[in-house]
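Notes to accompany the following structure.
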């Protein structure tokens, strides 16, 4: 079974998706990690500069998502890990510089095509809860259950601000709201795989819910067969 959870920045979809996966006993798949891995490999293994990322070769992209080299694993207790060529690259995927690189490569058609196929290949092997920004609309349009998780801009700004503070990056509330608004508009307006509410998705606004309430709200829609 496939459950997708899409939503804008700081809607809580990553944490919620992991908790829903635990509830169901399913794999958790963060689609954004694949794009981050491609960006990381292009820069560190293929020696791409920031400017070169705007026009990567298809062969280099294919090398990044080669199933013999790129491996995502998930365990209920330890969570997910991304490996490339035998090396655990998970710790590097949240680097602030990777954020910049991902913004450059994520709209590129060749990258989205090959990454989407890699994600489908993984999900074909496991019952999964999959989160991202186009999982229910593009990657898994025939998912068994689709959710669109959102919250008010003020709440999402506060969440993003707190998350950045944990990484040593300090922002005001207004700066945080400006940052996530810019990112969401960019994703909503991109030509390929824009951020939208997937057809048939249940919309869950968790502005006034805690994590447990959000998870239970989503679980209330899911019928285990």
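Where a number appears in this text, it was derived from the coordinates with a stated rule and is not lab data. Source: prediction; values computed, not measured. A quick note on method: Cβ atoms are made from the backbone with ideal geometry, for glycine too, and the neighbour counts reach across all protein chains shown.
Could you state the number of Å between the C-alpha centres of the stretch 180-225 and the stretch 40-98?
Rounded to whole Å, the Cα centres lie 26 Å apart.
What ranking of 82, 209 emerges when the number of other C-beta atoms within 10 Å of each C-beta is taken as an exposure proxy, fewest first?
Lowest count first: 209, 82.
Quick one: order 47, 193 by neighbouring beta-carbon count within 10 Å, fewest to most.
On the way: 47 8, 193 20.
Lowest count first: 47, 193.
Using Cα pairs under 8 angstrom and six or more residues apart, how large is the relative contact order of the chain, in percent?
Values: 326 pairs, mean separation 73.7, N = 225.
Normalised by residue count, the contact order of the chain is 33 percent.
If you look at just the Cα atoms of the chain, how large are its Rg and its Dmax in Å?
Computed over the Cα atoms of the chain, radius of gyration and Dmax are 16.9, 49 Å.
So what's the back-of-envelope 222 nm ellipticity for the chain, counting only DSSP H runs of four-plus at -39500 (n - 2.57) apiece and dividing by all residues, rounded to 500?
Helix-only estimate at 222 nm: -13500 deg cm²/dmol.
Return 142, 126 ranked ascending by Cβ neighbour count within 10 Å, so the fewest neighbours appear first.
Result, fewest neighbours first: 142, 126.
Could you work out the relative contact order of the stretch 31-125? I mean the mean sequence separation of Cα pairs under 8 Å and 6+ apart, divided by the number of residues, in percent.
Once normalised by length, the contact order is 35 percent.
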